[in-house]
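Undergrad: The structure under discussion is supplied below as structure tokens; questions concerning it will follow.
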Amino acid sequence: MMSTTPEGGPGIRGGVTPYDAVILAGGRAERLGGLDKPGALVGGRPLIERVASAVAEATRLIVVGPPRDLANEPLRTAGAVFTSEDPPGGGPVPALRAGLAQVHAPWLALLAADLPFLAAHHIAALLRAARAGETTAAAGAVLVDDDGREQWLTGVWRTEALADALDGYRGRSLYRLLGPLEPVRVELPAPGDGRAPWFDCDTMDDLGAARERARGA
């Protein structure tokens, strides 16, 4: 895979690249005791609203999960589209299929709903890298953490390439689906305050740490 940093990739010319955002928000959250993880508060805001705010420039916001009231004004204005995989809770690949069916833009941001510190400039970096990857075999760009691990639910993809990859794929692994698309690996600086864009809330300890770090901000 090609790798880049925010300083190393060419920018996007001619304004913002049109993209839709797909947020997967229908997991069972078993390690959180069945808590409504997307609705869990961090810094006084539900996790899903924090993620959705990072993609405020998306042409369309698609949430794969139960309908919910999004109180944030920009999200109400955007008119989020809610959909669900069949059956609900079937995993990230069926959820991606359901979300992709609602995508209209040539690019899409694929995101988890539990990324409290993801921000618009992180999405912009992924978009720049994905556009730069058009000159190679890359079908998108994926964030890597400070240990060099791909974060498959924090990436930007060409819609057509993702649809082609899903066509005929019968597995359940995002890695096996997305890895062969040879995305650009995007390395972003890790802030010293622990509010990394790849930090997710899989456990109660993670959620507690996110709340503490949000207070520290």
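Undergrad: Cα-based Rg of region 80-209 per 2.2 N^0.38 Å, rounded to two decimals? Don't skip to the end; give the middle numbers.
TA: On the way: Rg = 14.7 Å, N = 130, 2.2 N^0.38 = 14.0 Å.
In units of the globular-protein estimate, region 80-209 measures up at 1.05.
Undergrad: Restricting to Cα pairs below 8 Å that are 6+ residues apart, what does the relative contact order work out to for region 98-217? Please round to a whole percent.
TA: Numbers: 165 pairs, mean separation 39.1, N = 120.
Relative CO of region 98-217 lands at 33 percent.
Undergrad: Still on this structure, please answer the following. Would region 48-157 count as rounded, prolate or oblate if I go by the C-alpha gyration tensor, calling it rounded below 1.5 in a/c and otherwise prolate when a/b exceeds b/c, oblate otherwise? Walk me through the numbers before you get to the answer.
TA: Working: a/c = 1.56, a/b = 1.34, b/c = 1.16.
Here region 48-157 falls in the prolate category.
Undergrad: A follow-up question, please. Can you tell me which of 173-179, 138-144 comes out highest on packing, and rank the rest after it, using the mean Cβ neighbours within 10 Å? Before the final figure, lay out the partial values.
TA: Working: 173-179: 15.4, 138-144: 24.6.
Highest mean packing first, the order is 138-144, 173-179.
Undergrad: Right, next: Please say if region 101-150 is rounded, prolate or oblate, where rounded means a/c under 1.5 for a ≥ b ≥ c the square roots of the C-alpha gyration tensor eigenvalues, and otherwise the choice is prolate for a/b larger than b/c and oblate otherwise? Spell out each step's value before the answer.
TA: Working: a/c = 1.79, a/b = 1.15, b/c = 1.56.
Oblate, because a/c is 1.5 or more while a/b does not exceed b/c.
Undergrad: Nearest 5 is fine: what % of DSSP beta bridges in region 70-217 come out antiparallel, could you say? Mind dumping the intermediate values first?
TA: Values: 10 of 14 bridges.
Counting only bridges with both partners in region 70-217, antiparallel ones make up about 70 percent.
Where a number appears in this text, it was derived from the coordinates with a stated rule and is not lab data. This one's a predicted model, so the numbers in the text were calculated from it and none came from an experiment. Heads up, the Cβs are rebuilt from the backbone with ideal geometry, glycines too, and the neighbour counts pull from every protein chain shown.
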